[in-house]
Amino acid sequence: MQTPDKKKQMFHDMQEHPEKYSEEQIEAMMDELDRLPDVDTAWQKFRRTEQFSSRRWLKVAASIIGILMLTGIAYAAVHIISHSAEVDEKVPTQEVQNINSPKNDTAGKILTADSIPQTRIFENIPLDEMVSEIAHYYNKVADIQSEEAHELRLYYKWEPKDSLESVIDDLNHFDRVSLAIEDDKLIVKP
């Protein structure tokens, strides 16, 4: 049996000097060549394997990039939330005014829009006084049609930034309170 190098040398020699070899030797060599794999087929098979390997690599790379993106988004969210908490701690809290507190010298007076804090707590205040102050803030006239409005005392946390409709909706949830808006009036109905 011949080694692959000798076969290769013999094949090249047959191509260059066919006169040295018999027909049977040439036929045997040709049969042996037919048994060798086709180069084009082998090349196509190699390319398909290489493409499959490339696609797998792309999938792995895309997965890693996705994981890194999610990690970055999570980190950014945590950073934003923690930064927001730090800013909230630095912002001074606004004083909430309690109309019945001893240091409040405005009890019984209607406050102007400039003097009303952002959050206003009415504690044990007659409904008519509360409605008068709220109506004044929203540039409405308080029309008290209910006699029990002076006797009815409420606890209510008022946010002046809310719309008047929202405030009326909140107050109408109390028993025996019925408020409405008509034109430029805030009406306390019986």
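Every number in this text was worked out from the coordinates using simple rules, so none of it is lab data. Note that the coordinates shown come from a computational prediction; the quantities given were computed from them, not determined experimentally. In this analysis, Cβ positions are derived from the backbone assuming ideal geometry, glycine residues included, and neighbour counts consider all displayed protein chains.
Return the long-range amide H neighbours of residue 121 (sequence gap of 5 or more, or a different chain), with a cut-off of under 5 Å between placed amide H atoms.
Residues meeting the criterion, in which the H sits 1.01 Å from N, are 97, 99, 158.
Around residue 28, with a cut-off of 12 angstrom between Cβ atoms, what is the net charge of the other residues, counting Lys and Arg +1 and Asp and Glu -1?
-4
Among residues other than residue 14 whose Cβ falls under 14 Å from its Cβ, what is the net charge (Lys/Arg +1, Asp/Glu -1)?
Combined, the nearby Lys, Arg, Asp and Glu give -4.
What does the charge count around residue 182 come to, taking other residues whose C-beta lies under 12 Å from its C-beta (Lys +1, Arg +1, Asp -1, Glu -1)?
0
Rounded to whole Hz and in sequence order, give me ³J(HN,Hα) for the range 17-29 from the Karplus expression 6.51 cos²θ - 1.76 cosθ + 1.60, θ = phi - 60°, writing x for Gly and Pro.
10, x, 5, 6, 10, 7, 4, 5, 5, 5, 5, 4, 5
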